[in-house]
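The values are calculated or read from the model by the stated rules, or taken from the named source; none is laboratory data. Quantities reported herein were computed from a predicted structural model and do not represent experimental measurements. So basically every Cβ, Gly included, is an ideal-geometry build from the backbone, and we count neighbours across all protein chains shown. In case anyone asks, the SASA skips ligands and DNA or RNA and just uses the protein heavy atoms, side chains included. Shrake-Rupley method; radii C 1.70, N 1.55, O 1.52, S 1.80 Å.
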Amino acid sequence: MTGANDRAAVRGRVLSVASECVGLIKTGGLADVVGALPAALAAQGWDMRVLLPAYRGLAAHLKDTREVWAETDLYGGPARVLAGRAAGLRVLLLDAPHLFDREGGPYSAHGADFPDNPERFAALSWVAAAIAREGTDDDWRPDILHAHDWQAGLAPAYLRYQGVSDVRSVLTIHNIAFQGIAASYKLSALRLPHSEFHSGGFEYWGNISSLKAGLVTADRITTVSPTYADELMRPEFGMGLEGVIASRASDLEGLLNGVDEAVWDPANDPEIATYSARRPKGKAQNRAALLEEFGLGEVPGPLAILVSRLTGQKGIDLVLAALPDFVAAGGALAVLGSGEPALEAALRDAEVRFPGRVAVRIGYDEGLSHRMFGGGDAVLVPSRFEPCGLTQMYGLRYGTIPVVAATGGLNDTVIGATPASLAAGAATGIVFHPIDNLGLSQALRHLVQLHADEKEWARMRTRAMKTDVGWSSRSAAYAALYESLLS
Ligand code: ADP
Ligand code: GLC
């Protein structure tokens, strides 16, 4: 089979390194981006490969598999890299059973993080750097190493410390709240040089920070929205790394995420009655089906949905506080999520308190999430911080009006309804600030009013659905970044 990757005139070879990739392993938006961005770039002539850990069972998904790299002792055991195709991508899987063949998720089992996470992802980063330095056994060597989040943060660092100067590196921050901190006694075990254990290197309050190692060594740094790029330099958002980020401001860019237009397409979604901006009829059918699936009764006002990890970041407590007024005003809420036990319990309580108006599904369910976007009137994303956020963009695609906090990528992707933006025919959602209880309850009041104005609501929904949020256009910014590194 000949694909874009096989053509002679490739624009450049890129090794993308990450801990998740949609279609293989996913806990959040990182996986969506790691899967969709290389696919979009490959279609434009870039030779993209994605290096991931071979978590339990993953190697079985690989097609045309062959071994392209091996080491007898990789952080305590034998390891090899398997190349093949999976999830529509060229994938390299790091098969190191002592690190990755275990029960549980990618980072934890039974609610507890694996104690050797620093070693596990240092090993991933080490192999990425080794492939960048020497190439694979089948002679593939990248021009650019693209590391995602702390799990790949050590990859640019190993490259730098090993004096590899003919491969450029990019580090993308998807969420600075996770930094990959390890105790300093692990220095040698992580194959890191003692000479770089200082405040200008990877030392962070006496510990090792994998993310910081990447931040101080990568040629370029990106994050997933322009607003988050600015926020990262502030103490409220930088999580202690704001100074490091500010010192690299000239090498930092905020490049907005996109969504996979093929997967998130209301006109071609097997989970729903299909519809489009021009033929929106199916939406009402999906709404009725969703009310029934969640056991909700007649809802005179807007049916809001929430599809989210249930953590402090996501502002779930704000939703709980705003619920009584929202329900009294005729609204209803359907929730799909999992996460912190206290938030799960509070949501279940709300379900009991507001029967027929609030319904909660605890768990992770891709199909149900599609049906929720298909049938919801509005999607709530009241995050306290949000590097980019994807669900507000699914909301735009599906005409499920996003109600978002004015932070990070939420601020950059939704045009909030104001008298001016409505008069100009520009509004695509509701954006609120400050991010507190009053802010969200005012936003929900506004939602109820807008929803009641049928004509205005229909216009806003059409505009939302016509907003271009796809990777086909947004990946161009990454192509430009890669080009600038290669010129
Ligand atoms: P984050 O990565 O911080 O969790 P994003 O908005 O970037 O936030 O991405 C979250 C992704 O995970 C989206 O694709 C969303 O639809 C999905 N998701 C989150 N929770 C669930 C769930 N319980 N079931 C199905 N999909 C979920
Ligand atoms: C992180 C962020 C989220 C972002 C995703 C993909 O998980 O929390 O805002 O959309 O990465 O970049």
Between ASP137 and ALA406, the two model label points (7 Å from Cα along the beta-carbon direction) sit apart by a distance in nm of 5.8 nm
Under 20 Å between C-alpha atoms, the lysine pairs in the chain lying 8 or more places apart or on different chains count 8
Rounded to one decimal in nm, the spacing of the 7 Å Cα→Cβ label points at ALA342 and ALA479 is 4.8 nm
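Given +1 on the Cβ of Lys and Arg, -1 on the Cβ of Asp and Glu, and no further charges, what dipole in debye does the chain carry about its Cα centre, rounded to the nearest 20?
Numbers: 44 positive and 55 negative charges, 181 e Å.
I would put it at about 880 debye.
Take the alpha carbon gyration tensor of the range 282-468, find the square roots of its eigenvalues, order them as a ≥ b ≥ c, and report rounded if a/c is under 1.5; if not, report prolate when a/b exceeds b/c, else oblate. List each step's numbers first, then the result.
Working: a/c = 1.43, a/b = 1.22, b/c = 1.17.
Rounded is the answer for the range 282-468, as its axis ratio a/c remains below 1.5.
Take the alpha carbon gyration tensor of the range 289-378, find the square roots of its eigenvalues, order them as a ≥ b ≥ c, and report rounded if a/c is under 1.5; if not, report prolate when a/b exceeds b/c, else oblate. Working shown, then result.
Details: a/c = 1.66, a/b = 1.13, b/c = 1.46.
Note, shape of the range 289-378 comes out oblate.
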Note to self: C-alpha centroids of the range 89-137 and the range 356-423 sit apart, in Å, by 33 Å
With x for Gly and Pro, the residue-by-residue ³J(HN,Hα) of the range 45-51, computed from phi through the Karplus equation 6.51 cos²θ - 1.76 cosθ + 1.60 at θ = phi - 60° and given in whole Hz, is x, 8, 8, 9, 10, 10, 9
Taking a probe of 1.4 Å and leaving out DNA, RNA and ligands, the range 282-468 shows per residue an accessible area in Å² of 37 Å²
Taking the dipole of the range 282-468 about the Cα centre (Lys, Arg +1; Asp, Glu -1; charges at Cβ), the one of ALA332, MET372, PRO419 that reaches farthest to the positive side is PRO419
Expressed as a percent, the accessible surface of the range 282-468 that is carbon or sulfur, using a 1.4 Å probe and the full set of protein chains, is 54 percent
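Give me the number: length gained by fully extending ASP230 to TYR364, i.e. 0.36 nm times residue separation minus the C-alpha to C-alpha distance, one decimal in nm.
On the way: separation 134, 0.36 × 134 = 48.24 nm, distance 3.20 nm.
Going from the current span to full extension adds 45.0 nm.
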In terms of the charge dipole of the chain, which places +1 on Lys and Arg and -1 on Asp and Glu at the beta carbon, the residue among VAL50, LEU124, ALA213 farthest towards the positive end is VAL50
Once amide hydrogens are built 1.01 Å from N within the peptide plane, the residues lying 5 or more places from VAL91 or on another chain with amide H under 5 Å from its amide H are VAL50, GLY84, ARG85, ALA86
Scalar couplings 3J(HN,Hα) for the range 447-453 by Karplus 6.51 cos²θ - 1.76 cosθ + 1.60 (θ = phi - 60°), nearest whole Hz, x for Gly and Pro, are 4, 4, 5, 5, 5, 6, 8
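Can you tell me which of 441-450, 135-144 comes out highest on packing, and rank the rest after it, using the mean Cβ neighbours within 10 Å? Please report the intermediate quantities before stating the final value.
Working: 441-450: 19.7, 135-144: 16.0.
Taking the mean over residues of other Cβ atoms within 10 Å, the ranking is 441-450, 135-144.
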For the range 269-286, Karplus-derived ³J(HN,Hα) couplings (6.51, -1.76, 1.60; θ = phi - 60°; whole Hz; x for glycine and proline) come out as 10, x, 7, 9, 6, 6, 7, 8, 4, 7, 10, x, 4, x, 4, 5, 5, 5
If each part is reduced to its alpha-carbon centroid, the range 153-182 and the range 197-232 end up apart, in Å, by 9 Å
Rounded to 0.05, the calculated FRET efficiency for the beta carbons of ALA426 and GLU298 at R₀ = 41 Å is 0.80
Averaged per residue, the 1.4 Å probe accessible area of the range 1-133, protein heavy atoms only, in Å², is roughly 38 Å²
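Hey, any idea what % of the range 140-255's accessible area is carbon plus sulfur with a 1.4 Å probe? Walk me through the intermediate numbers first.
Details: 2140 of 4190 Å².
Solvent-exposed carbon and sulfur of the range 140-255 make up 51 percent of the total.
Can you tell me the convex hull volume per residue for the range 185-258, based on C-alpha atoms, in Å³ to the nearest whole number?
Details: hull volume 7.6 nm³, N = 74.
Cα-based convex hull of the range 185-258, divided per residue, equals 103 Å³.
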